[in-house]
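Engineer: Here it is, the structure, as structure tokens.
The values are calculated or read from the model by the stated rules, or taken from the named source; none is laboratory data. All of these numbers come straight from a predicted model, not from anything done at the bench. When we count neighbours, we look across all protein chains shown, and the Cβ atoms used for this are built from the backbone with ideal geometry, even at glycine.
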Amino acid sequence: MISGIGHSSFPELRVSSLLWSFYMVSSKDTKYWVPVDDEESVAVAVAAAKGRGGEDNRPLLYRTFKVTGMLLHPYRLLNLARLIIIVQFFIWRIRHRDSDSMVLWWITVVGDFWFGVSWLLNQASKLNPIRRVPNLALLNQHYDPPGGGGGGSSSQLPCVDVFINTVDPVDEPVLCTMNSVLSILATDYPVDRHATYFSDDGGSLVHYEALLETARFAALWTPFCRKHRVEPRAPESYFAAKADAPYAGDAPGEFVDDRRRVRQEYEEFKARVDALFTAIPQRSSEANGRGDAKDGGGGARATYMADGTHWPGTWIEPAENHKKGQHAAIVQVMLHHPGDEPELGTPASSSSPLDLSAVDVRLPMLVYIAREKRPGYDHQKKAGAMNVQLRVSALLSNAPFIINFDGDHYINNSGAFRAAMCFMLDARHGDDTAFVQFPQRFDDVDPTDRYCNHNRVFFDATLLGLNGYQGPSYVGTGCMFRRAALYGADPPRWQPDGGSTSKLLDSPRARFGGSMPFINSLPLAAHQERPPVAPPVDERLAAELADVATCAYEDGTEWGDGVGWVYNIATEDVVTGFRLHRKGWRSMYCAMEPDAFRGTAPVNLTERLYQILRWSGGSLDMFCSRNCPLLAGRRLHAMQRVAYTNMTIYPISAAFIFAYDLLPLMWLSGGEFYIQKPFQTYAMYLFVGIAMMEVSGMVEIKWAGLTLLDWCRNEQFYMIGATGVYPAAVLHSLLRLVGLKGLPFKLTSKPVSASGGAAARERFAELYDVQWAPLLVPTVLVIAVNVAAIGAAAGRAVAFGWSFAQVAGAAAGTRVAAFGWAFAQVAGAAGGLLFNVWVLLLLYPFALGIMGRWSKRPWLLFVLLVAVLVAIASAYVAVLAVLAPAGSVGAFGPGGWPGVGAISISPASWWI
């Protein structure tokens, strides 16, 4: 953000500053990204200079960039050429039905065709990558000019409701979740124009009391952030980072002392939060022992709040109406809505360690929610919790925009809310934008990103490609929504009458339930100019809040179908975004520097595989449901349909990949075998197709800003998923198709930070834990088969006395006179070995994962591999010595070496 821009006395200087702000955000991409056209830049400059823009006097709040032609045109040309090669390849194969096994020939033809279609669907979504860069300076100038006290009555920014979700204070460490809340409370957005709704889906008293402690500490942390403008505003991440950023606040002389005092307070805050895990059981045990609590014992061993009353949520020792899956609804306003005008703090004193006399000390609204749980109801996990947040927030702040976070994500760039508003308020497509998706970025991932947690190819290539069509998909967190769109409203461009919420009021009880206060809030949901309003929580409103949080409220309504987040699927995020796109809404992709949000990711192999299983299984469920992209209407852009189809069918490729990975078993059998003849032509097609894909990938790395390691990790983890996880996802979908329950999906446990309460734990300790599970078995089998194949090949070489000259002659493609090898046999052997080595390289991260703590020394894996190969080769030589008499080669001789190089490997279309 450029401070003071709104006060420039010279329009030309203001225009220059505003244009510079565009390039400051995207400076790292100027080499490969250029403005879409000069006219747009002129329009932006004129709008900035005159203080107006667009048809309705709104400014143009973002700049559009495309990939420079020097990269984009070769990229498209390579993909077109490869498509031509693939088509010619299939025509050639159909015309040459020559194989030693027609059954395998047909299997490989079908597999190669599927790979070709998958590659085409994947690449089609990347042919028009678009980057849009928000102009925060112009947004502030137009909607929040300086001089209003940092969020006073002069601010015209729309209100935002923030949803944060968590379930378990152990699996999702409570300190991590409270840091997320603190970063939201301290974010750079008008304090009276955003409210936070904390959903505790486990109904835990630990979360409730930790949130009370967080609200108290926020009274110090939030003013400190405003006074010194620190980043990031999650204290754990802030104090762990190197203090090398330039100072941006207004009191440099006080910064060092203030920082030291706040850090001391934060350490005490952490100690109080950690102590809750022992204080609450101890308090409850004492109260149960005395039997003198305020509302009686009742026989069960209750969990007690600090005021001596029963906790209405989940008890430590489960009891009727107080256990997981069975407890009452709880809605508690912890921080009430602040006033419109700034409230300055007090000078430093014994009770106030910081001088806050020139700082606004107001805190935004904070609400705790634990929805009702009852036996016999499907509570729909995260989607159900967020729909309750949607209704509760409508009765309180009813902001026209909503942004949701997982409990492990925090705001890393406090300008993120304003950046999203640049897209929502823009004069061009703002009114038709349903959501703005930010990329997911993670802390505490191992430096080499062994299990591809960053997923940079998806976030920095695929989503930028979708940004050029109807917009990116919704990925579950770090996303700002338009409330009216979630309610099921049509976008304005598909409403001739212009009424964005008029159709919502048709049969409202059947759609939204019986709460009249909620129904009355619907027309206001689309009014983004509406000033913030938060009614006092009296008994009547409290009863309404509890009612909309009950299980039975959604009975007979459209919640989870046409309203809110979608139910009955593991990937509720993708399907919810698809439902909005299907109605004609757009979405926008917003990547910032520094990253807008950061979170944690599973660094344990088994946890990561369970996460991928949930995503891939949910994707197939989507394709096999009425949310199938192929069934969407005309409002869904054609290329958006292609992209969603690719997102939902990719696990099917696993059936063919797994079969191909096991074909090296033929190394262990005798006889010459070719799947496709003539092999020379077949090998040429494979080589050309693979080479073109790799070159195309290198071009993609350039325009997406990726590294070679990002690309390699994406290739490797796709193979790991295809050999173990995707087959399980296919099985899950088949079970559901025949009416069975399908495989259970495990909640991903989050890693414990090495700092904070677990400082004594080794950094990345979870990376070296081995948690054996059935998902690991297929990949272990693939590794074993390919290692055995290489060992068998080495055994043959030893048994028949290859010399260096013979190996070199084979590599050169000459006929080996001693054994009578033709070119096809040489190419078959070389291709087979190359295939085995390639598979093992792709599965290298998996092999490290199952080594556990030994993987700290990766060279041990190579020593182990050599030892195993020597053992297999020795065993193979021994077997040949027993089965083949001296001077007799027979089926085991080198002339009978099976031509596994003829195994059908599609033109490198494995990776999605």
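Engineer: Residues that are hydrophobic (A, V, I, L, M, F, W, C), within 27 Å of residue 177 (Cα to Cα) and touching a strand residue (DSSP E or B) at 6+ places or on another chain (Cβ under 9 Å): does region 244-257 have at least one?
Structural biologist: No, region 244-257 contains no residue that is hydrophobic (A, V, I, L, M, F, W, C), within 27 Å of residue 177 (Cα to Cα) and touching a strand residue (DSSP E or B) at 6+ places or on another chain (Cβ under 9 Å).
Engineer: What residue, among those in region 489-502 that are touching a Gly at 6+ places or on another chain (Cβ under 8 Å) and not in a loop (DSSP other than H, G, I, E, B), is modelled with the lowest pLDDT? Give the steps one after another, and end with the answer.
Structural biologist: So in region 489-502, the residues touching a Gly at 6+ places or on another chain (Cβ under 8 Å) come out as 490-494.
Add one more test, that the residue is not in a loop (DSSP other than H, G, I, E, B), and what stays is 492-494.
Working: 492: 89, 493: 87, 494: 84.
The qualifying residue modelled with the lowest pLDDT is 494.
Engineer: For region 446-487, which residues satisfy the criterion of being at pLDDT 95 or above and among the basic types (Lys, Arg)?
Structural biologist: 482, 483
Here is a yes/no grid of residues against (1) surrounded by fewer than 18 Cβ atoms within 10 Å (Cβ to Cβ); (2) at positive phi; (3) not assigned by TED's automatic domain parsing to the domain that holds residue 663:
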| position | (1), (2), (3) |
| --- | --- |
| 82 | no, no, no |
| 87 | yes, no, no |
| 94 | yes, no, no |
| 101 | yes, no, no |
| 110 | yes, no, no |
| 113 | yes, no, no |
| 121 | no, no, no |
| 132 | no, no, yes |
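Engineer: Which of the residues belonging to region 561-585 are of a type in the set (Gly, Ala, Ser) and under 21 Å from residue 516 (Cβ atoms)?
Structural biologist: The answer is 562, 564.
Engineer: Write out, first by first residue and then by second, each pair whose Cβ atoms fall under 7 Å of each other, whose residues are 6+ apart or on separate chains, and whose first residue, in region 272-289, is under 17 Å from residue 307 (Cβ atoms) and in contact (Cβ under 8 Å) with a residue 12 or more places away in the chain while the second is of a type in the set (S, T, N, Q) and surrounded by 15 or more Cβ atoms within 10 Å (Cβ to Cβ).
Structural biologist: So the pair list comes out as 280/303; 284/303.
Engineer: Is it the case that region 376-393 has a residue that's surrounded by 21 or more Cβ atoms within 10 Å (Cβ to Cβ) and either of a type in the set (Ser, Thr, Tyr) or under 27 Å from residue 136 (Cβ atoms) (or both)?
Structural biologist: Checked against the condition, which is being surrounded by 21 or more Cβ atoms within 10 Å (Cβ to Cβ) and either of a type in the set (Ser, Thr, Tyr) or under 27 Å from residue 136 (Cβ atoms) (or both), region 376-393 yields at least one hit.
Engineer: Then there's this: Take the residues in region 248-272 that are surrounded by 16 or more Cβ atoms within 10 Å (Cβ to Cβ) and among the hydrophobic types (A, V, I, L, M, F, W, C); name whichever of them is nearest to residue 212 (Cα to Cα).
Structural biologist: Once the filter is applied, the top-ranked residue is 269.
Engineer: Here's another thing I want to ask about it. I need a count of the residues in region 595-654 that are within 26 Å of residue 468 (Cβ to Cβ) and part of a loop (DSSP other than H, G, I, E, B).
Structural biologist: Going through region 595-654 one residue at a time, the tally reaches 10.
Engineer: I've got another one for you. Might you check whether a residue that is assigned to a loop (DSSP other than H, G, I, E, B) and basic (Lys, Arg) occurs anywhere in region 522-541?
Structural biologist: Checking region 522-541: at least one residue is assigned to a loop (DSSP other than H, G, I, E, B) and basic (Lys, Arg).
Engineer: Taking into account only those residues within region 584-600 that are under 19 Å from residue 64 (Cα atoms) and hydroxyl-bearing (Ser, Thr, Tyr), which is surrounded by the fewest Cβ atoms within 10 Å (Cβ to Cβ)?
Structural biologist: Result: 589.
Engineer: Within region 152-194, track down each residue that is of a type in the set (Val, Ile, Thr), buried (at least 24 other Cβ atoms within 10 Å of the Cβ) and farther than 24 Å from residue 262 by Cβ.
Structural biologist: 160, 166
Residue by residue, here is whether (1) assigned to a loop (DSSP other than H, G, I, E, B); (2) assigned by TED's automatic domain parsing to the domain that holds residue 538; (3) over 19 Å from the mean Cα position of the chain (by Cα) holds:
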position	(1), (2), (3)
369	no, yes, yes
402	no, yes, no
405	no, yes, no
408	yes, yes, no
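Engineer: Here is a list: 653, 616, 625. Which entry is surrounded by 19 or more Cβ atoms within 10 Å (Cβ to Cβ), under 19 Å from residue 572 (Cβ atoms) and of a type in the set (Ser, Thr, Tyr)?
Structural biologist: Result: 616 is the single residue among 653, 616, 625 that is surrounded by 19 or more Cβ atoms within 10 Å (Cβ to Cβ), under 19 Å from residue 572 (Cβ atoms) and of a type in the set (Ser, Thr, Tyr).
Engineer: Now for a different question. Could you say which residue among 415, 345, 407 is in contact with a helix residue (DSSP H, G or I) (Cβ under 7 Å, 6 or more places away or on another chain) and buried (at least 24 other Cβ atoms within 10 Å of the Cβ)?
Structural biologist: Details: 415 fails: buried (at least 24 other Cβ atoms within 10 Å of the Cβ); 345 fails: buried (at least 24 other Cβ atoms within 10 Å of the Cβ).
407 is the lone residue from the list that is in contact with a helix residue (DSSP H, G or I) (Cβ under 7 Å, 6 or more places away or on another chain) and buried (at least 24 other Cβ atoms within 10 Å of the Cβ).
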